[in-house]
1. Could you do me a favour and compute the accessible area per residue for the chain, 1.4 Å probe, result in Å²?
2. Could you order the peptides 21-33, 62-74 from most to least packed, using the average number of other C-beta atoms within 10 Å per residue?
3. Treating the beta-carbon of each Lys and Arg as +1 and of each Asp and Glu as -1, no other charges, what is the dipole magnitude of segment 1-81 about its Cα centre, to the nearest 20 debye?
4. Using a simple charge model, +1 on the beta-carbon of Lys and Arg, -1 on the beta-carbon of Asp and Glu, nothing else, what dipole does segment 18-57 show about its Cα centre, in debye to the nearest 20?
5. Find how much the distance from residue 70 to residue 58 grows on full extension, using 0.36 nm per residue of separation minus their present alpha carbon separation; answer in nm with one decimal.
6. Please report, in debye to the nearest 20, how large the charge dipole of segment 35-74 is about its Cα centre when each Lys and Arg carries +1 at its beta carbon and each Asp and Glu carries -1 there.
7. Can you classify the chain as rounded, prolate or oblate using the Cα gyration tensor, where a ≥ b ≥ c are the square roots of its eigenvalues, rounded means a/c under 1.5, and otherwise it's prolate if a/b beats b/c and oblate if not?
8. Once the whole set of protein chains is in place, how much accessible area is left on residue 20, using a 1.4 Å probe, in Å² to the nearest 10?
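The values are calculated or read from the model by the stated rules, or taken from the named source; none is laboratory data. Just so it is clear, the model here is predicted, and its values are computed rather than measured. All Cβ positions, glycine included, derive from the backbone under ideal geometry; neighbour counts span all protein chains shown. The area values use the complete protein model at the heavy-atom level, side chains included, leaving out ligands, DNA and RNA. Shrake-Rupley method; radii C 1.70, N 1.55, O 1.52, S 1.80 Å.
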Amino acid sequence: MVQANTPSFREKHNNEFLGKEAHIASILTELYKMHHLKIRPEQVILFDDDKENTDTAVRFGHMAFLVREDVGEHQFEEFARMLESMDLRRSWVK
């Protein structure tokens, strides 16, 4: 799911955001409404090209991947290997 920075979204939040937390909260709310999924902060991964946003996500307990201009397949593969080493399956609660 994607929550874009639409005019109605910005208006709803008075154009005040702390990183991407409002976007993440919106998606988590929709997932709960649609599927009764309860997703914990550590189950969220933010991919973003803004270091301030990824730093904020980490402060909120999320995983984050900073997408730099020179990012390549190798960096994504390393990140995927790190995720594979974690047992995330047990953490998804329905």
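1. Ligands and nucleic acids excluded, the figure is 75 Å² per residue.
2. 21-33, 62-74
3. Charge dipole, segment 1-81, about its Cα centre: 520 debye, nearest 20.
4. 340
5. Extra length available between residue 70 and residue 58 comes to 2.1 nm.
6. The dipole of segment 35-74 has a size of about 400 debye.
7. Oblate, since a/c reaches 1.5 and b/c is not below a/b.
8. 60
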